[in-house]
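Okay, structure first, notes after.
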Amino acid sequence: IEAAKNLTRCILKLGGKCTAIVDETADIDNAIFKIMFGKFANSGQTCVGVDHVYVHNKIADVFKWKILA
């Protein structure tokens, strides 16, 4: 709100806690690769690292076993 008073550009840091949503049509291997890359890129020192993953019930067991493999 303060930036809007002066039409000043600003960047908001919203604190991370990024969420990934994997639905039943997802390519599970590709989703796992991208989620893990996003989490561990730059040794995990990025504010876009995934902290929560929501997986559709239909593929939850397969996702879980592939990510643990």
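The values are calculated or read from the model by the stated rules, or taken from the named source; none is laboratory data. All values derive from a computational prediction rather than experimental measurement. Note that each Cβ is placed from the backbone with ideal geometry, even for glycine, and that neighbours are counted across all protein chains shown. The area values use the complete protein model at the heavy-atom level, side chains included, leaving out ligands, DNA and RNA. Shrake-Rupley method; radii C 1.70, N 1.55, O 1.52, S 1.80 Å.
Values computed for the structure shown
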quantity	calculated
Residue tally, condition outside any helix (DSSP H, G or I), open to solvent by less than 90 Å² (accessible area, probe 1.4 Å) and at pLDDT 90 or above, over the range 42-69	3
Pairs where the first residue, in the range 52-69, is under 12 Å from residue 21 (Cα atoms) and in contact (Cβ under 8 Å) with a residue 12 or more places away in the chain and the second is of a type in the set (S, T, N, Q) and surrounded by 11 or more Cβ atoms within 10 Å (Cβ to Cβ), C-beta under 9 Å, 6+ apart	none
